[in-house]
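Encoded as structure tokens, the structure appears first; notes follow it.
The values are calculated or read from the model by the stated rules, or taken from the named source; none is laboratory data. In this text, all values refer to a predicted model and were calculated from it rather than measured experimentally. All Cβ positions, glycine included, derive from the backbone under ideal geometry; neighbour counts span all protein chains shown. We work out accessible area using only protein heavy atoms, side chains counted, and drop any ligands, DNA or RNA first. Shrake-Rupley method; radii C 1.70, N 1.55, O 1.52, S 1.80 Å.
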Amino acid sequence: MKIVIIGNGIAATSAATKIREFDASCEITMLSDENTPFYSRPRLLDYLAGKVSFEQITIKSEQWYNKLNIELVSGAKVFSITPQENKIITSKGDISYDALLVASGASAATPPFFRPDLKNVFRLRTKEDADRIIAAAQHVRTAAIIGGGLLGIETGFALTSRGLTTTVIEIADRLLPKQLDAESSLLLKASLEEKGLRFLTGKQAAALDADREGLCITCTDATVLRADIIVVSAGIRPNVGFLEGSGVNVGRGIIVDEKLRTNIGNIYAAGDCAEFRSTLYGIWPAAKEQGEIAGAIIAGQDAVYNGSIMSAKLKVVGIEVASIGDIAVGLGTRTESQREGSSFRKLFYENGRLKGAILIGDTSDYFKLQKEIALPAPRQSA
Ligand SMILES: Cc1cc2nc3c(=O)[nH]c(=O)nc-3n(C[C@H](O)[C@H](O)[C@H](O)COP(=O)(O)OP(=O)(O)OC[C@H]3O[C@@H](n4cnc5c(N)ncnc54)[C@H](O)[C@@H]3O)c2cc1C
């Protein structure tokens, strides 16, 4: 049996590990268009801030692939697949498979105003992107980040750590509206401002230009912000372009069922490229969980994926912020808030059960609450 995995990220490597755990003899080939070993994408921010070397964020060495008898083909870009022939067309030739796992992740989104032609305008997803930003940051004084989500804030903080005066532009009127309520969002903004980050909230970037003085961002309300470098952090898009015309069902991501199967029997998908029950998770723990389950299933085990808990933790030194589960407040939602010094904690309950939590200052209960939120709902009595 020949199993091919498109990708070499957390979903792909978790799947490969599981497959090998249950099947010592199958052939496993992993394809990646990056030229690096498997590294921690979240820790690219530490790398960008200059706190760690690339070796320190590398997770799997060449020996790991050798030991598990996995062939890793780096620098191999997949152009298309033809399921009728079980064939993948790549920049390094055609490859056939018996079972295929697509774990191709996502790319940073490009909003309409994005100008890749402009010097010093970047996005951040890969080591290559981080290297380009680091090279540019060495010669400039100011930066602007378009997008005040978790990644935008963390990127801004990394550039502040490099000595750049950095402003984050956010379309919403407060930070992290999906992860925090209004009260905790204000607390976070104040802490980040103390660390030197600047914010323009309620502003929508509309155009990027360059003149003799550098780059400038024009917002829809005519606000203009000048900066030496710009990082656009406007969400992610699943890497699914190579599936066009293949017959694999794609919505926003590759549509999978609870067996991580696509509509084509021997093709599976996991991680940031996969869409499960209309959800694109876009987070590391979900990609890992999906990869492990897909791997077990491909290796013939009986497993089921039931979704992951959305969770996020801000990686900014000295600022502990975490958001877990569902923090939407509906008619039946009960909340409990607790403030102690600079720590703030808000729990969200529905039908007598914890469904979400926000932690600021003290996030030591992060994993405990994640487990509690993941517990199945109590049975309703008849
Ligand atoms: C800077 C940064 C910080 C982050 N911080 C956090 C965090 O704190 N917490 C969190 O939960 N999540 C975080 N994330 C998100 C997290 O990294 C992703 O959810 C996770 O990496 C997804 O894993 P994946 O294996 O699905 O995809 P990826 O890691 O994107 O891997 C995809 C793989 O597919 C390969 N590939 C793609 N297209 C092709 C093709 N056509 N041909 C061949 N190979 C291809 C790529 O080379 C890569 O090996 C962060 C992301 C970034 C960029």
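Quick notes
- Residue satisfying all of: in segment 97-118; assigned to a loop (DSSP other than H, G, I, E, B) and within 16 Å of the ligand (Cβ to nearest atom); nearest to the chain's Cα centre (by Cα) among these: G105
- Residue list for segment 75-92, restricted to those being open to solvent by less than 30 Å² (accessible area, probe 1.4 Å) and within 13 Å of the ligand (Cβ to nearest atom): G75, A76, V78, I81, I88, T90
- Filtered residues of segment 60-72 (kept if surrounded by 17 or more Cβ atoms within 10 Å (Cβ to Cβ) and part of a strand (DSSP E or B)): I70, L72
- Qualifying residue in segment 251-258 (condition: assigned to a loop (DSSP other than H, G, I, E, B), on the phi < 0 side of the Ramachandran plot, within 16 Å of the ligand (Cβ to nearest atom) and crowded, with 23+ Cβ neighbours inside 10 Å): yes
- Exclusive hit being more than 15 Å from the ligand (Cβ to nearest atom), outside the structural domain of Y281 (by TED's automatic domain parsing), outside any loop (DSSP other than H, G, I, E, B) and buried (at least 19 other Cβ atoms within 10 Å of the Cβ), set A144, A130: A144
- Residue match in segment 268-276 (condition: modelled with pLDDT under 95 and open to solvent by 10 Å² or more (accessible area, probe 1.4 Å)): no
- Sole residue being within 16 Å of the ligand (Cβ to nearest atom), in contact with a Gly (Cβ under 8 Å, 6 or more places away or on another chain) and outside any loop (DSSP other than H, G, I, E, B), chosen from E275, E289: E275
- Tally of residues being among the hydroxyl-bearing types (S, T, Y), within 11 Å of the ligand (Cβ to nearest atom) and in a loop (DSSP other than H, G, I, E, B) across segment 1-59: 2
- Test: residue in segment 351-358 that is open to solvent by 40 Å² or more (accessible area, probe 1.4 Å), at pLDDT 90 or above and among the basic types (K, R): yes
- Annotation note: of T160, T155, the sole residue that is open to solvent by 10 Å² or more (accessible area, probe 1.4 Å), modelled with pLDDT of 95 or more, closer than 18 Å to L45 by Cβ and not in a strand (DSSP E or B) is T160.
- Considering segment 236-249, and only residues there that are touching a strand residue (DSSP E or B) at 6+ places or on another chain (Cβ under 8 Å) and open to solvent by 40 Å² or more (accessible area, probe 1.4 Å), the residue that is farthest from the ligand (Cβ to nearest atom) turns out to be N249.
- Filter result (of a type in the set (V, I, T) and either more than 10 Å from the ligand (Cβ to nearest atom) or more than 20 Å from I95 (Cβ to Cβ) (or both)) within segment 60-74: I70
Yes or no, residue by residue, for (1) open to solvent by 10 Å² or more (accessible area, probe 1.4 Å); (2) modelled with pLDDT of 95 or more; (3) closer than 27 Å to K315 by Cα:
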position: V4; (1), (2), (3): no, yes, no
position: G9; (1), (2), (3): yes, yes, yes
position: A12; (1), (2), (3): no, yes, yes
position: A15; (1), (2), (3): no, yes, yes
position: R20; (1), (2), (3): yes, yes, no
position: D23; (1), (2), (3): yes, yes, no
position: C26; (1), (2), (3): no, yes, no
position: P37; (1), (2), (3): yes, no, yes
position: R43; (1), (2), (3): yes, yes, yes
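- Lone qualifier among N86, N8, N35 - being touching a strand residue (DSSP E or B) at 6+ places or on another chain (Cβ under 6 Å) and over 23 Å from A294 (Cβ atoms): N35
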